[in-house]
Amino acid sequence: MTQAATDFGAALDAAAGVEGWMTDAQARRLWDRARAVRSGGRIVEIGSYRGRSAIILGRAAASDVEVIAIDPHAGNDRGPQEIHGTIDEGEADHQQFLANLAHAGVQDRVRHVRAPSQEAGAQVADPIDLLYIDGAHRFGPARADIKEWGARVADDGSMLIHDSFSSIGVTGAIWAALLGSGRFRYVGRAGSLAEYRCTRMNTGARLASAARQLAQLPWFVRNVVIKVLITLHLRPLTRLLGHRSGEWPY
C-alpha cells in the first residue's frame with residue numbers, strides 16, 4: 001500500500017465517527033483535490049456541520065496551505081429536511097465540530113469562520129485554490145455561493161459542490177450559474193459531489209461541458225423520486241430504483 005493510500009485511510013478513519021453526509025468516494029475526491037493545492041494556497045469550505053469534510057481537507061492539505069471552514073452553526077440548514085432549527089441545536093453542532101476537529105488532530109489546521117457565507121467574504125483572502133460548497137441547499141443561497149464565491153476561485157482552481165443533481169435547489173442553482181459558463185468546466189461527479197475546473201473555454205468546450213451536465217438529468221429525476229418516496233414513508237419502493245440504503249440520497 002502506498003503512503004498516499006495509508007494517509008487517506010487514516011483520514012477516513014478520523015472522520016468515520018463524525019455525523020454528516022459524505023461517502024468514501026466523495027471523501028477521496030476531496031482528499032485528492034486538497035492534496036493537489038499548491039504550496040501557500042487556500043482551501044475554503046462552505047457548510048461544515050460537525051466537521052466530517054473539514055477533517056478530510058485538514059488532513060489532506062499541505063502544512064502551508066490555509067484551510068478555512070465557513071459555517072454559522074446557527075441551527076438552520078443542518079441537513080436533509082432540517083432547514084429550520086434552534087439556536088441550541090446550532091451551538092451543539094458548533095461544540096461538536098470543535099471537539100471532532102480536536103479529536104482528528106486538525107484543530108490547528110482549520111480556521112473556522114462562524115458566519116453565514118454571504119457575510120464571511122471579508123474574512124477570507126483571495127484567491128481560492130479549492131472551493132467546496134455544501135451550504136444552504138435552497139436555490140437562492142446556493143446560487144449566491146456558486147456565483148459569488150466561485151468568482152474568487154483561481155485560474156486552474158477547483159470547485160466542488162455537494163448534493164449536485166440530487167437537491168432541487170442546488171441543481172437549479174448549478175444550471176442557472178454554470179450550465180453556460182465559459183469559466184467552469186464540468187469534470188464529473190462522485191455520487192452527488194460534482195467537480196468543476198476553473199479554465200477558459202472556447203464555444204465547443206462550453207457546449208460539451210453543458211451537455212455533460214444535462215446528461216445528469218435522469219439521475220437527478222431518480223433522486224427526486226427517491227426523496228418523495230422516503231418522505232411518504234415508502235422506503236421499500238426505493239429499491240425498485242436501485243437505492244438500497246433507505247437513506248436520503250447523496
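Every number here is computed from the coordinates shown, using simple stated rules; none is lab data. Nothing here was measured: the structure is a model prediction, and the numbers come from that model. Note that we place each Cβ from the backbone using ideal geometry, even for glycine, and neighbour counts take in every protein chain shown.
At a Förster radius of 41 Å, what calculated FRET efficiency corresponds to the Cβ-Cβ distance of GLU148 and HIS233, to the nearest 0.05?
0.60
Take the Cα of ALA36, step 7 Å toward its Cβ, do the same at GLU91, and the gap between the two points is 4.3 nm. Panel order for ARG111, ARG183, ARG59, by other beta carbons found within 10 Å of each beta carbon, from fewest to most: ARG111, ARG183, ARG59. Projected label points at ALA125 and ALA215, each 7 Å from Cα along the beta carbon direction, are separated by 4.0 nanometres.
Per-residue Cβ neighbour counts within 10 Å put ASP93, ASP155 in the sequence ASP155, ASP93, beginning with the fewest. Taking a ≥ b ≥ c as the square roots of the Cα gyration tensor eigenvalues, with a/c under 1.5 meaning rounded and otherwise prolate when a/b beats b/c, else oblate, which class fits the chain? Judged from the Cα gyration tensor, the chain comes out rounded (a/c under 1.5).
If you take every DSSP beta bridge fully contained in the chain, what fraction is antiparallel? Give it as a percent rounded to 5. Within the chain, antiparallel bridges account for around 35 percent of the total. Does region 113-191 classify as rounded, prolate or oblate by the C-alpha gyration tensor (a ≥ b ≥ c root eigenvalues; a/c under 1.5 gives rounded; else a/b over b/c gives prolate, otherwise oblate)? Because a/c hits 1.5 or more and a/b fails to exceed b/c, region 113-191 counts as oblate. By the count of other C-beta atoms within 10 Å, a proxy for reagent exposure, PHE184, PHE8 are ordered fewest to most as PHE8, PHE184. Take the chain and mark each of the GluC sites (Glu not before Pro) that is in a DSSP loop with at most 15 other Cβ atoms within 10 Å; the longest unmarked stretch, sites excluded, is 83-246.
Sparsely packed loop sites in region 9-100 (the chymotrypsin sites (Phe, Trp or Tyr not before Pro) outside DSSP H, G, I, E and B with at most 12 other Cβ atoms within 10 Å) do not occur.
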